[in-house]
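Okay, structure first, notes after.
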Amino acid sequence: MVGQGRVLDTWVAGREELEEWADRHPVLDRTERRRAEAGGERGRDARAGATLLRLAVAARTGQSPAEVDVRRRCATCAHTGHGRPRLSHGLAASTSHSGGLVAVAVADSSWVGIDIEQVRPVPVADLARVAFDARERDLVGEDTEAFLDVWAVKEALSKASGSGILDGRLRQCAVRSVRPLRLHDLSGFGCASGRVLRLPLPDGYTGFVAAGPGVDWHHTAGLSSARTTRLVSPGSR
């Protein structure tokens, strides 16, 4: 619960199980439903991500998921229909999805960012040339998994800083070693005093969460382990 120390909560769940839960418990607000109506993979990911975020925040605050106040504002275009989630109760949040898997991070720290990636074929050399520092390009070589590890670390840091990847920060050097994870000075990302943690994910995925200092980390894998039925009041809509 909020107020009992600085806590980082990460939740990971499959998109299909989130869809099944959301069909039984329609908790999204009008803006979230509109994003979900985009259709296709984009709409499904938006619905699943919004649902999981509400569940994670509800578990922290004691609210029902439908009562959670989630506001968004894009840092680039200032549109309120998308962008970084903003929460009450002094909580920061971040969401990610890839290959049918959804992840959220919620923390009572000044910033938090999460990114997951399905391990899949990607044009490593071309993408690294555009997005990575020369030292990171040497580190990953042509190794797809190493590339996705570095990418996920830097995405998590960029989300945590609130900058996204559009202002060139993705090209700043962040990673010295992948296994074990060792980082360069992160002051360029605005995260100098923070932590970056590897997420425990199913085989075929990689991901990391970046959060402020001094947080205790709790991880929830799948909805069955979270006992989500207790989070829904009988009158929830």
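The values are calculated or read from the model by the stated rules, or taken from the named source; none is laboratory data. Computed from a predicted model, the values in this text were never measured in an experiment. Every residue, glycine among them, receives a Cβ derived from its backbone with ideal geometry; neighbour counts consider all protein chains shown.
Table for the structure above
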item	result
Contacts under 9 angstrom Cβ, first residue in segment 13-26 being farther than 16 Å from Arg42 by Cβ, partner buried (at least 20 other Cβ atoms within 10 Å of the Cβ) and aromatic (Phe, Trp, Tyr), 6 or more apart	Ala13/Trp21
Failed item in (1) over 16 Å from Leu197 (Cβ atoms); (2) crowded, with 23+ Cβ neighbours inside 10 Å, with Val124 passing the rest	(2)
Odd one out for Ala134, checked against (1) in contact with a strand residue (DSSP E or B) (Cβ under 9 Å, 6 or more places away or on another chain); (2) surrounded by fewer than 18 Cβ atoms within 10 Å (Cβ to Cβ)	(1)
Selected residue (only one of Asp133, Asp143, Asp115 is farther than 26 Å from Leu55 by Cβ and touching a residue at least 40 places away in the same chain (Cβ under 8 Å))	Asp133
Helices (runs of 4 or more DSSP H) completely within segment 121-237 that count 1 or more residues being among the polar types (S, T, N, Q), over 18 Å from the mean Cα position of the chain (by Cα) and at pLDDT 95 or above	144-161
Among (1) modelled with pLDDT under 95; (2) part of a strand (DSSP E or B) - the single one Ala103 does not satisfy	(1)
